[in-house]
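First the structure, which I've put down as structure tokens, then a few questions once you've had a look.
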Amino acid sequence: QVQLVESGGGLVQAGNSLRVSCAASGRAASSTTMGWFRQAPGKVREFVAAIDWSGGSTYYADDLKGRFTISRDNAKNTVYLRMNSLKPEDTAVYYCAASPARWGDRTVGNFAYWGQGTQVTVSS
């Protein structure tokens with residue numbers, strides 16, 4: 001079991017940066033792949049990024065790579081998503097997820113654990 005709690009969302013102006021965090025707890029918290037998804041109003045939840053248990057490997061949504069960076073600190077059981085050059089279209093609820101069915105998975109239904117989400121709003 002893995003429990004996930006996101007934090008760090010808020011209102012930010014376009015062009016600025018924001019880092020959201022996901023605190024994980026549970027037996028598998030430091031040994032499982034973790035990821036971020038987002039869901040904008042009226043849209044389906046979409047994959048953002050994922051990182052392996054060691055923090056040594058990552059994969060991203062193609063259109064966000066280079067602007068978003070995922071990282072983790074296993075000593076703190078926390079995963080981060082750093083978002084740079086934010087745009088109004090990045091406005092969404094950002095969800096932390098864990099334990100995909102396989103490495104490289106980007107499918108919502110294949111991640112076993114989810115947090116409650118944190119709202120990120122980017123103003124123009």
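Residues THR78, THR58, THR69, THR91: which one is β-branched (Val, Ile, Thr), more than 20 Å from VAL108 (Cα to Cα) and under 14 Å from the mean Cα position of the chain (by Cα)?
Answer to the selection: THR78.
Related question: Of a type in the set (A, V, I, L, M, F, W, C), outside any strand (DSSP E or B) and in contact (Cβ under 8 Å) with a residue 40 or more places away in the chain: which single residue out of ALA23, ALA28 fits that description?
It is ALA28.
Within 17 Å of LEU81 (Cα to Cα) and within 12 Å of the chain's Cα centre (by Cα), is that true of VAL12?
No.
Being charged (D, E, K, R) and touching a helix residue (DSSP H, G or I) at 6+ places or on another chain (Cβ under 8 Å) narrows it down to one of ARG82, ARG27, ARG102, ARG67, so name that one.
Result of the check over ARG82, ARG27, ARG102, ARG67: ARG102.
In addition: If VAL79 meets every condition in (1) modelled with pLDDT of 95 or more; (2) at positive phi apart from one, which number is that one?
With respect to (1) modelled with pLDDT of 95 or more; (2) at positive phi, VAL79 is out only on (2).
Then there is this: Just for the range 65-99: of the residues that are among the acidic types (Asp, Glu) and more than 19 Å from SER30 (Cα to Cα), which one is surrounded by the most Cβ atoms within 10 Å (Cβ to Cβ)?
Out of the qualifying residues, it is ASP90.
Would you check which residues across the range 47-64 are at pLDDT 95 or above and surrounded by fewer than 16 Cβ atoms within 10 Å (Cβ to Cβ) and list them?
Across the range 47-64, the qualifying residues are ASP52, SER57, ASP62, ASP63.
Suppose the filter is over 19 Å from ASN110 (Cα atoms) and free of Cβ contacts under 8 Å to residues at least 24 places away in the same chain; does GLY8 pass it?
So GLY8 does not fit the description; no.
The values are calculated or read from the model by the stated rules, or taken from the named source; none is laboratory data. As the structure is a prediction and not an experimental result, all values here were calculated from the model. Every residue, glycine among them, receives a Cβ derived from its backbone with ideal geometry; neighbour counts consider all protein chains shown.
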